[in-house]
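Note sheet for the following structure.
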Amino acid sequence: MKKSFTAVNQLANCITLTRILGVVGIFWITPYKNNFWQLLAILLFIIVSCTDFLDGWVARKFNMVSDAGKILDPLADKILVLVFLPLLEMQIITSFPVFIILSREFAIMALRVVGARDREIIAASLSGKIKTAITLPVCGILLARVVMPATESIPFWLQPLNAVLLWVQSWPGWFIAMLIWTTVAVTIWSFLDYFGSFIWKRFVQRAGGDEEKARRLIRSLIPNLFSALNLGCGIGATIFAALLHVPLAALLILLGNLFDSCDGMLARKLDASSKLGESLDSVADMTTFGVAPAVVVYAIFRGHTDLSVVCIALAVLYFGSVFYRLKRFSASGHSNYFSGLPSPIGAAWLSLAGVSHYLSDIRVFSVLYVLTMYLMVSKHRYVHLNHSGKYRFLRFIKAPTFIIYWLTLFQIYKLDQYSQWKTVELLFACTGLYIISPLIITIFGAREE
């Protein structure tokens, strides 16, 4: 009697196992030889897809929910989603959506492995069930989109399915594309839901069950993320500059400026400052606005002289000025005014000069190189960008500079395909207005409004 009860109790898990075996059959049938095998594959896919809903219903109806089922069911779902691979082979779907969909499955599997290590079972969430409810029908529709040569006779029991197949093949391509990208969007949402829940539980555990403390810890991750992105841009810019690819190095330095402006602002608004964040921000600034532009300086001068020692010395000299500037900033702390030109502005200005057709002339660039270093180590007062709205002329150029900034990124990314726009030179000029702002304020007596 006990043995019979155990066998019945495993019914839901047995249904789940048939789903895995069904996927093996689909992989064996695909690519199709003719539309008979296509109909057979679609029918098999429909059956194994139904088992995804049947095993859960049986488990809940007869109280057969088990830890093994919570692990086996998601695993079977992930194996079922692998049906996108033969669809990719048959050129019904492109590689990028498949990459997103499969990456999500492997990422969630990794979360479950980490959870299992701590004896925590991550059960399917509502978002995961919605994702499955959308993904499986779309996958079945894509299986029917393959146009195959017709056989002489279709068995009568496949005739209704063949009629549906011909109807699906008449659907417009834009509608199929919409279904695919809807699946991708729901897949990403499902991943974020799983990942967010997993991270939240971890932080609550780390905070000893104090949810408010956990929220503060999570908020600290947001500015740290932007600091990490800034650091990544700096590392990438350094590599490209070392390879003498100045345009991409300049692009990453400009992106680093964007991330650098976000991390401090978010840390203050979210009240999420931390020692780790401050250390990460310092390393990121030193890399993106010190090391990377120094290597850009090396690349620019290396293109005009064979004396590597001189180029290295000039690069080290620039890095030394940035190092001095950042150390002085760390000692003085945050305020509405900087003592000396901020290193992110100096790095952006010099990088823009390096990719400009006019300003990259070695004589012009040399003057800008010396001027930038002088302004960084000087004690000229530069208004903080968050405080620049207090001055009318700086407030006036904010919006145009923001627009030109994005156009410049696009121009550099396209490798001068749109150089006639002159956005690099325009952004250089807008940055130059900020650089000479202490002089404008002194001469014209501009005051805070």
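Structure data summary
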| item | result |
| --- | --- |
| Relative packing of peptides 229-238, 243-252 - highest average C-beta neighbours within 10 Å first | 229-238, 243-252 |
| Fewest-first sequence of Glu89, Glu212, Glu425 by Cβ atoms within 10 Å of each Cβ | Glu212, Glu89, Glu425 |
| Magnitude of the charge dipole, the range 213-444, Cβ model with Lys/Arg +1 and Asp/Glu -1, debye to 20 | 900 |
| Flagged links, alpha-carbon separation over 26 Å, of Lys213/Lys275; Lys33/Lys129; Lys379/Lys422 | Lys33/Lys129; Lys379/Lys422 |
| Residue order, fewest to most beta carbons within 10 Å, for Arg392, Arg104, Arg302 | Arg392, Arg302, Arg104 |
| Footprinting exposure proxy for Phe402, Phe259, Phe156 (fewest neighbouring C-beta atoms within 10 Å first) | Phe156, Phe402, Phe259 |
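Each value in this text was obtained by applying a stated rule to the coordinates, not by laboratory testing. All values derive from a computational prediction rather than experimental measurement. Glycine also receives a Cβ, built like all others from the backbone with ideal geometry; neighbour counts cover every protein chain displayed.
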